[in-house]
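Input: a single structure, listed below in structure tokens.
The values are calculated or read from the model by the stated rules, or taken from the named source; none is laboratory data. Keep in mind the model is a prediction, meaning the values are calculated, not measured. All Cβ positions, glycine included, derive from the backbone under ideal geometry; neighbour counts span all protein chains shown. For accessibility, only protein heavy atoms count, side chains too; no ligands or nucleic acids. Shrake-Rupley method; radii C 1.70, N 1.55, O 1.52, S 1.80 Å.
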Amino acid sequence: MPPTDESTDAGTTPITSLGSDTGPDADSQDTLDLRLPDELVALFAEEAEAARGAERAAEHGGREGTAKPGPVSPTAAPTGDDLLDGVGGWGPIASPVGPFHLVPVCIDRDLKLISRWMNDAAVSAFWELAGPETVTEDHLRAQLDGDGRSIPCLGVLDGTPMSYWEIYRADLDPLARHYPARLHDTGIHLLIGPVANRGRGLGSALLRAVSDLVLDRRPSCTRVVAEPDLRNTPSVSAFLSAGFRFSAEVDLPDKRAALMVRDRALRDVL
């Protein structure tokens, strides 16, 4: 993926300073410079295919070809979403700022809106996806045509699309090379679209609500992580207000990032 205000492809530059995830008391599951073996990636793919096969069998009453598939929901999860426990089916949630729903992106429906947001100067400074709609389309298709490790979503607040999110498997992302990743770590990228919705505390409220949603819907996930650009002070502040803790400064190929972590064990404390 291109660099974003919350994300960028990680290379091989090491972490220059570590927070509370290191030291003699660090969790034994933490590992530096995590590189997943091909066998593990293949296992995830096999599990996803097996789950889809079971769903098809259930739809057909256990007999292939005996029933016609029903209509596809406009909010159906993209193929491969098994890696994130069905983001498309998580449903709406109550938040302090109103009913909120993560809706997986449909390019035909959502491209113009997301591209317009990406061309806002305040957004493009960090996401670097300004330009014709094809720039945003390529960014979205790279995820939608992938194996389901990153799901782009619209954030719909009280019935109105107002934000763009990426929910991704941080442990399967190049970011995992730059921090002590744990299996099923889940990452969040966020941008608030309309200018009128910025600077009102919506980001903090929604980051807390969505990270709670991730922890509720992904029982195997013990941490939600993010890596906003250190220069993006409002973004870092929003994560801190949402219950994330600052863990490290991370040198990524296109930015110096603040590694933010929200721990399941501390979700009721921070």
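Quick notes on this one:
- Scanning segment 245-258 for residues that are in contact with a Gly (Cβ under 8 Å, 6 or more places away or on another chain) and farther than 14 Å from Pro174 by Cβ, we see that the one that is surrounded by the most Cβ atoms within 10 Å (Cβ to Cβ) is Ser247.
- Only listed residue being open to solvent by 10 Å² or more (accessible area, probe 1.4 Å), in contact (Cβ under 8 Å) with a residue 40 or more places away in the chain and either among the β-branched types (Val, Ile, Thr) or in a loop (DSSP other than H, G, I, E, B) (or both), chosen from Gly146, Gly88, Gly131: Gly146
- Each residue in segment 109-128 was checked for being surrounded by fewer than 20 Cβ atoms within 10 Å (Cβ to Cβ) and either in a helix (DSSP H, G or I) or among the hydrophobic types (A, V, I, L, M, F, W, C) (or both), and 10 of them qualify.
- Restricting attention to segment 158-168, the residues that are open to solvent by less than 10 Å² (accessible area, probe 1.4 Å), of a type outside the set (A, V, I, L, M, F, W, C) and more than 12 Å from the chain's Cα centre (by Cα) total 1.
- Lone unmet requirement of (1) under 20 Å from Ala196 (Cα atoms); (2) open to solvent by less than 20 Å² (accessible area, probe 1.4 Å); (3) outside any strand (DSSP E or B) for Gly155: (3)
- On the stretch given as segment 212-226, residues that are among the hydrophobic types (A, V, I, L, M, F, W, C), touching a residue at least 60 places away in the same chain (Cβ under 8 Å) and either in contact with a helix residue (DSSP H, G or I) (Cβ under 8 Å, 6 or more places away or on another chain) or part of a strand (DSSP E or B) (or both) total 1.
- Filtering segment 191-211 to residues that are farther than 13 Å from Phe239 by Cα and in a helix (DSSP H, G or I) leaves Val195, Ala196, Asn197.
- Counting the residues of segment 169-186 that are assigned to a helix (DSSP H, G or I), of a type in the set (A, V, I, L, M, F, W, C) and open to solvent by 10 Å² or more (accessible area, probe 1.4 Å) gives 1.
- Leu202 under 17 Å from the mean Cα position of the chain (by Cα) and under 20 Å from Gly91 (Cα atoms): no
- One residue from Arg116, Arg63 being over 16 Å from the mean Cα position of the chain (by Cα) and at pLDDT below 95: Arg63
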